[in-house]
Amino acid sequence: MTGLLADLLIGAAILALAAGTVTARSAFTATAFFIAYGLLLALAWVRLGAVDIALTEAAISAGLSGLLLLGAASRLAACPVAEERAPGPVLKALIGLCCAAVSAAVGYAILSLPEPAPSLAEEAMAHLSVTALGNPVAGVLMSYRALDTLLEAAVVVLAVIGVWSLAPAGGWGGVPGPIHPRIEQGPLALLARLLPPIGIVVAFHILWVGSYAPGGKFQAAAILAAMWLLAWLAGLATPPRISSRRLRLAISAGTGLFLAIGMFGVLAEGAFLAYPPALTKALMLAVEFALAGSIAVALALLVMGPPEPEDRA
Amino acid sequence: MSLLLDTFTILAVLAGLFFFAAGTAGLLRFPDTSSRLHALTKADNLGLGLIVLGLLPQMGGVLPALKLLVIWGLALLAGATVGPLIARLARQEDAPP
Amino acid sequence: MSATLYGLLGAALVGIGLFGLLVRPSHLLRILSFNLLGGGVFLVFGAVARRGAGAGLPGDPVPQALVLTGIVVAFAATALAVMLLLRLSAESAKRPDPS
């Protein structure tokens with residue numbers, strides 16, 4: 001009963017925040033609503049028994065996206081982009097009706113899901129001992145659906161390449177993102193000096209417990225990226241130039257190692273991404289750590305954006 | 001003993017919720033940014049502190065309890081730095097809310 | 001029960017996100033709306049995962065892991081969209097609007 005009440009309250013708050021995001025007058029307000037929406041969605045994930053997703057939602061959807069969008073909102077307010085005209089009231093009402101119909105159709109699908117629900121939970125648990133992991137979600141990510149995880153890591157690398165390729169003329173090869181002046185005192189300087197050591201410890205903790213409890217590379221990567229971004233915002237850490245070989249290696253190392261281990265599986269076991277039983281744990285940990293590092297660098301670079309022309313400063 | 005601890009938990013969490021409610025009311029009703037921030041940070045820190053305090057005996061161990069305290073500490077740190085940052089920004093813009 | 005509730009919430013978020021995407025002219029708001037839509041789809045996945053609870057797990061780990069990768073990919077797409085938009089704004093600042 002109290003559980004249902006909590007669900008209803010969380011659901012109502014999420015709906016209100018989503019409506020607030022869509023109807024907000026300024027982009028800044030909408031972003032503030034969106035960050036709160038992400039945090040409440042994390043609570044919804046806990047209620048759905050998906051703590052792994054809750055951590056990711058809070059760290060990436062609310063945290064990193066929030067930073068990215070707030071930065072964009074303030075820069076867009078300074079030099080706005082031409083917009084199309086908003087649709088008239090009749091068209092708006094028509095679109096509203098159609099969207100309501102889409103919602104109703106999805107809702108109907110939810111209500112008519114098959115009973116008993118098909119589930120892979122039994123099978124996932126039955127073979128979990130083979131993966132040498134205790135967290136079933138990590139088992140799915142690293143073993144059963146390792147191909148998805150590999151592709152996903154590749155997508156992040158591609159996104160970084162995509163963002164870099166937006167560098168304006170004269171910017172290619174430079175330092176990514178706007179340059180922040182070094183802040184020597186005040187609250188931000190304090191936080192940027194105090195928090196990263198704690199954050200790095202927390203990130204490694206989450207990465208390590210991820211093999212048997214909620215946590216893992218994505219959550220750890222998001223925290224590491226946030227720590228780098230905090231130091232970057234305070235002007236304490238200038239990111240390397242994007243022409244730097246070391247930076248490029250750092251971004252692609254995780255995906256590269258994953259791919260190499262996958263090919264090793266072809267040679268050793270006769271199937272792509274098959275781990276030899278004796279090496280399963282070691283290989284998975286190697287991939288987990290390498291991916292965490294690479295994704296952390298990539299996520300931070302995605303928030304920083306493409307290099308800007310040097311002469312602008 | 002356990003009844004006593006449970007009563008303590010309920011009382012402390014309720015007190016924490018009261019501070020959260022008061023802080024939210026302040027955030028919504030106060031006229032300008034500084035007083036809103038004042039209401040928010042004071043209520044948040046105290047409210048979260050009381051909830052953490054109330055949950056401590058329910059954690060069933062020293063280590064989980066310590067984790068809870070660390071979370072409170074981090075929230076305090078974040079509140080203590082973000083509050084002044086927003087206040088500075090509001091003063092710079094010097095715009096009526 | 002909570003699975004159905006959050007599934008319906010996901011359905012509502014899909015509609016709200018789609019509405020914002022189509023109705024709001026602001027580019028940043030469209031990106032936000034698209035993320036709301038994505039959040040709704042993830043929640044539908046979450047509801048399906050929750051219904052598949054079994055073997056001592058609170059939910060089916062397969063859809064949960066898919067949502068996990070989905071969130072990271074959605075972030076990467078959002079970052080790319082935002083950077084495209086910022087580049088557009090930098091270009092229009094350089095050249096005054098001809099219209």
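The values are calculated or read from the model by the stated rules, or taken from the named source; none is laboratory data. Fair warning: this is a prediction, and the values are worked out from it, not measured in the lab. All Cβ positions, glycine included, derive from the backbone under ideal geometry; neighbour counts span all protein chains shown.
Table: residues versus (1) under 30 Å from A:ALA146 (Cα atoms); (2) surrounded by fewer than 21 Cβ atoms within 10 Å (Cβ to Cβ).
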| residue | (1), (2) |
| --- | --- |
| C:GLY40 | yes, no |
| C:GLY46 | yes, no |
| C:ARG50 | yes, no |
| C:ALA53 | yes, yes |
| C:GLN64 | yes, no |
| C:ALA81 | yes, yes |
| C:SER92 | no, yes |
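Yes/no per residue for (1) hydrophobic (A, V, I, L, M, F, W, C); (2) within 17 Å of A:ALA42 (Cα to Cα):
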position: C:SER2; (1), (2): no, yes
position: C:ILE16; (1), (2): yes, no
position: C:SER26; (1), (2): no, no
position: C:ALA55; (1), (2): yes, no
position: C:SER89; (1), (2): no, no
Conditions (1) touching a Leu at 6+ places or on another chain (Cβ under 7 Å); (2) of a type in the set (Val, Ile, Thr); (3) within 14 Å of another protein chain (Cβ to nearest Cβ): number failed by A:ILE261: (3)
Helices (runs of 4 or more DSSP H) wholly inside region A:43-133 containing at least 2 residues that are more than 8 Å from chain C (Cβ to nearest Cβ) and surrounded by fewer than 16 Cβ atoms within 10 Å (Cβ to Cβ): A:65-78, A:89-111, A:128-131
Selection count where residues are in contact with a Phe, Trp or Tyr (Cβ under 6 Å, 6 or more places away or on another chain) and among the hydroxyl-bearing types (Ser, Thr, Tyr), scope region A:192-245: 0
Test: residue in region A:294-308 that is of a type in the set (Asp, Glu), in the same structural domain as A:ALA146 (by TED's automatic domain parsing), over 19 Å from the mean Cα position of the chain (by Cα) and not in a helix (DSSP H, G or I): yes
Selection status of A:LEU207, modelled with pLDDT under 85 and buried (at least 20 other Cβ atoms within 10 Å of the Cβ): no
Residue in region C:16-32 that is assigned to a helix (DSSP H, G or I), without any contact (Cβ under 8 Å) to a residue 12 or more places away in the chain and farther than 23 Å from A:ALA105 by Cα present: yes
A:ALA32 being more than 25 Å from C:GLY56 (Cβ to Cβ), at pLDDT 90 or above, crowded, with 18+ Cβ neighbours inside 10 Å and touching a Phe, Trp or Tyr at 6+ places or on another chain (Cβ under 6 Å): no
Residue identified as at pLDDT below 80 and either β-branched (Val, Ile, Thr) or not assigned by TED's automatic domain parsing to the domain that holds A:LEU279 (or both) among A:GLU57, A:GLU123: A:GLU123
Given (1) over 28 Å from A:THR131 (Cα atoms); (2) hydrophobic (A, V, I, L, M, F, W, C); (3) outside any helix (DSSP H, G or I), index of the condition A:LEU273 fails: (1)
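Conditions tested, residue by residue: (1) more than 20 Å from A:GLY96 (Cβ to Cβ); (2) more than 7 Å from chain A (Cβ to nearest Cβ).
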position: C:TYR6; (1), (2): yes, no
position: C:VAL23; (1), (2): no, no
position: C:HIS27; (1), (2): yes, no
position: C:PHE34; (1), (2): no, yes
position: C:LEU37; (1), (2): no, yes
position: C:PHE42; (1), (2): yes, yes
position: C:PRO58; (1), (2): yes, no
position: C:THR69; (1), (2): yes, no
Region B:76-97: number of residues that are more than 12 Å from chain A (Cβ to nearest Cβ) and within 24 Å of A:LEU230 (Cβ to Cβ): 3
Some residue of region A:20-30 being part of a helix (DSSP H, G or I), among the aromatic types (Phe, Trp, Tyr), touching a Gly at 6+ places or on another chain (Cβ under 8 Å) and more than 7 Å from every other protein chain (Cβ to nearest Cβ): no
Selected residue (only one of A:PRO214, A:PRO197, A:PRO240 is over 17 Å from the mean Cα position of the chain (by Cα) and either crowded, with 16+ Cβ neighbours inside 10 Å or away from every other protein chain (no Cβ under 13 Å) (or both)): A:PRO240
Meets criteria (at pLDDT 80 or above, in a helix (DSSP H, G or I) and at the interface with chain C (Cβ under 9 Å from one of its Cβ atoms)) for A:VAL137: yes
Selection within region A:161-186 - surrounded by fewer than 17 Cβ atoms within 10 Å (Cβ to Cβ) and not in a loop (DSSP other than H, G, I, E, B): A:ILE161
Selection from region A:150-168 of residues that are touching a Ser or Thr at 6+ places or on another chain (Cβ under 6 Å) and touching a residue at least 24 places away in the same chain (Cβ under 8 Å): A:ALA153, A:ALA154, A:VAL157
